[in-house]
Each structure stands twice: as structure tokens, then as C-alpha cells.
Amino acid sequence: MICQKCGNQFPDGARLCKVCGQDVVSQADKQTGLLVEIAYKRNGKSCCFYTDHMEFGGHVIQYADIDSMEYAASKSRISAIIIWTAFFLGIVSFKLKNGKKVKIITFGFSLWSIGTAKSAAKRFEPMFGAIYLIVAKAMAACALARINKGETVNIAGLEINREGATYKKFFSKKPVYISKQNFGSVGLCAYYLGIYDKAGKALALLSTQLRASNLLLAPYVLYALFGTEENEDENIKTLLKSD
């Protein structure tokens, strides 16, 4: 390869140009559009996130071809007198516009603290972050384009248009209405997405465990339509922390 900064030729696999010290890996990534590569399997299988698509497990998925996305993560411990087990399961499911479904699954199991539960949770954290910051953001841009054309879009049960968003709570006849007048912030964690008013009071809590389609798009769309500043990326929290 040729260093784009100084023109020096270097062997394939090199990380730094010996002449100018430039990071040649980032140069190659820019040429292909690669943003980040994250291992999600214990055997080293990884998912590559590009500017317009992602690649994993032999699949090449264009962000524009994704119709809906769901995610769920759970971890559990079972303790007894002589038996102690733990497991972690993280799933991100994509439904494409052609009807095809594809999943990213990270699983780990431990017995007496020996096993893969903790390492599986640690692998899923950056994967979840990349999906939120790259894939969901690209999908949200498509949803916003539709909304700005005058359409009403359903995101995880939120009926959103340019004027506001309506959400019907379980066991409540009165829906919640969200607009520029009352929208304050969004909080995202492993099990729910919280929408809060300007005083910090919860307007709606959307569970990730109830197959909430396109839940990760909500922060981007809500901030773009009703927020006062574009700080949505700061609201993502660490998905799961190791004990």
C-alpha cells in the first residue's frame, strides 16, 4: 500500500508508516468506508460497520434495506449451596424490506465462575453501541425524511409526525402526547427507553423486552424533531456492566 500522507510504500498488514508515522489502518478504512469492526463471537467472528452497510456471518446488509430492528439483552445468576451458574444472552434482530430476517446473537454460560458469561456481556456492549450509533442513526435519518414529508411513522409504539408523538400506555385510556413544549430528554439502558419532560418526569417508559420495533431510532427522531440541542449520543448508557 501507499501512504496517503507521504507517499511511502509499506507492506500489507503494517499499522504505521515508518516514514511519517501515519496510522495506515485508518487510511485503509477510509478507502473502504469501514467505521469499526467488532468481534461478537468467542471464536473471533466479527461484524464490520461501514458508512452505508454492515457485514457479519456472510451477510451484507444495507442500512436502507432494513425495515425494522429489535434488540434484547438479559443476564441471570442462579446460586445454591454447591451450584452457581450464570448466563448472558444478547440478540439484535433485523427484518429486511424483502421479508428476510437476520440476527446477531451473543451467548455465554458459566458454572462456578468458569465459563463465558462475563466475556459474552463484554463483547455485546461495543456491538450494541455500534448498532445504536451507526445503524440506528442511519435508519432514523430515513424515518425523519418520511416524517418531514408529512408522514406519520410508528417507532416502538410511538406515533410520530412533525407536530408531536403520541404513545398509548398499557392499562391507560389516555395517551401521552410529546412535543416541543414538553419534551426534555431520552434515557436508554438495557431494558427500557425512558422519555422525560423538561422537569425530568417520565412521560413514557418503553420496554426493550416487549419486541419494541425500532426502539433505538426513537432518541434520534425525538431530539431532531422536538429537542433543543443535538446531544442524543450522550444519552446512551453502558448496556451491561460486569459485576
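Consider region 205-215 and keep the residues that are at pLDDT below 90 and touching a strand residue (DSSP E or B) at 6+ places or on another chain (Cβ under 7 Å). The one that is nearest to M127 (Cα to Cα) is T208. For A199, are the conditions met, namely being surrounded by 12 or more Cβ atoms within 10 Å (Cβ to Cβ) and touching a residue at least 12 places away in the same chain (Cβ under 8 Å)? No, not satisfied. When region 71-102 is filtered for residues that are under 25 Å from the mean Cα position of the chain (by Cα) and not in a strand (DSSP E or B), the ones remaining, listed by number, are K97, N98, G99, K100.
With respect to the conditions (1) buried (at least 16 other Cβ atoms within 10 Å of the Cβ); (2) assigned to a strand (DSSP E or B); (3) at pLDDT below 80, D29 falls short on a single one, namely (2).
Are any of the residues in region 54-70 within 30 Å of A165 (Cα to Cα), in contact with an Asp or Glu (Cβ under 9 Å, 6 or more places away or on another chain) and part of a loop (DSSP other than H, G, I, E, B)? The answer is no, given that none of the residues of region 54-70 is within 30 Å of A165 (Cα to Cα), in contact with an Asp or Glu (Cβ under 9 Å, 6 or more places away or on another chain) and part of a loop (DSSP other than H, G, I, E, B). Among residues of region 103-124 being of a type in the set (S, T, Y) and part of a strand (DSSP E or B), the one that is surrounded by the most Cβ atoms within 10 Å (Cβ to Cβ) is T106.
The values are calculated or read from the model by the stated rules, or taken from the named source; none is laboratory data. Every value quoted in this text rests on a predicted model; they were computed, and no experiment measured them. Neighbour counts are summed over all protein chains in view; Cβ atoms, including those assigned to glycine, are modelled from backbone coordinates with ideal geometry.
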